[in-house]
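Presented below is the structure to which this report refers.
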Amino acid sequence: MCMASVHAKRITMAVVVIRIGLTGGIAAGKSTVSAKLCELGAVLVDYDLLARRVVEPGSIGLQRIAECFGSDALTDRGELNRAWMAEHVFSGSDAERKRKMLDGIEHPLIYELAVQLEHEAVEADCQAVVVHDIPLLAEVIGSIPFEFDHIVTVEAPEQVRVGRMMATRGMSESQAWNRVIHQSSMEQRLAIADEVIDSTQPLEQMFEHIDMLMKRWRTEAR
C-alpha cells in the first residue's frame, strides 16, 4: 500500500486531480516512462527541470548557493558550477551535511514551482492526471508538500544502471557507483510505491504496463 496515497485527490467544483509520484534509481529508465505518460496525455512536472530553473543565473537559488558554498560554486560566467558541486556534495566525509545544505536551498523553491505548474494544469483540464517526476521522492516523502494517489517506481538492477551511466553519461565506474550509493535504495523506493515498472523488460511490454496504468488513472479521474 502506498504510504502517501491517503487523501491525495482534490475535488472542488467537479475538478479531479489524480496525482502520481514517479520515481526510480538513477539511470533506471524513468525518463522513458515519463515520456510515454506524456504521450498518453498526462501532465508532467519534471523536478530535474525545476531544479535547473531555480539555479538559473540571477536566481535567488543561485545567489543562496554562492553565499553558502562560496564563489567556487559558480563558473566564470556566473552559472552554477555543476562539476564542482557534484564533486563536493556527492563525495567526501562531509558530503551528507553539504547535500542537506543544498537541498535546504533548492527544495522549497522547487516545490513552489511545482505547485504553480499543477495549478496551471488543473485550470486547463478538470480531470487531469498530473505526474510529479521526482528522482529523490523516497528521501523527501516526509517533507514534500504533496500527497499522492499512487507512487510508481522504475527499477533496474544496480549493475545495469551503472553500466548505463558509463555508456551514456561518460562516467567512470567509481563515479557511477558513487551516484547510486548516494540515492535511496531500491528497498526504500519499493516501500513507498504501489506500482513497480521493470525497465529491463522489452520496451513493448513496458509500454503496455504504462498504458494499463494510465487507463486506470483516467477511470479514477472520472
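The values are calculated or read from the model by the stated rules, or taken from the named source; none is laboratory data. Since this is a predicted model, take the numbers as computed values, not measurements. Here the Cβ is made from the backbone with ideal geometry for all residues, glycine too, and neighbour counts use every protein chain on show. Only protein heavy atoms, including side chains, enter the accessible area calculation; ligands, DNA and RNA are left aside. Shrake-Rupley method; radii C 1.70, N 1.55, O 1.52, S 1.80 Å.
Side notes on the structure shown:
- Of the trypsin sites (Lys or Arg not before Pro) in the stretch 147-201, the ones in a loop by DSSP (not H, G, I, E or B) with at most 15 other beta carbons within 10 Å are Arg169.
- Acute angle (nearest 10 degrees) that the helix 203-221 long axis makes with the longest principal axis of the chain, alpha-carbon atoms: 60
- Computed E for Gln127/Thr200 - FRET, C-beta separation, R0 25 angstrom, nearest 0.05: 0.15
- Accessible area (Å², per residue) of the chain, counting only protein heavy atoms and a probe of 1.4 Å: 52
- Taking the stretch 48-84 and a reference point 7 angstrom along Cα→Cβ of His182, the backbone N atoms nearer than 13 Å belong to 82-84.
- Pair-distance profile P(r), taking every C-alpha pair of the stretch 58-118, with 10 angstrom steps and integer %: 22, 50, 24, 4
- FRET efficiency estimate (nearest 0.05) - Cβ-Cβ, Glu120 to Arg82, R0 25 angstrom: 0.35
- Cβ-based net charge around Glu87, under 14 Å, with every Lys or Arg adding one and every Asp or Glu removing one: +2
- Taking Lys and Arg as +1 and Asp and Glu as -1, the other residues whose beta-carbon sits under 10 Å from that of Met165 total +3.
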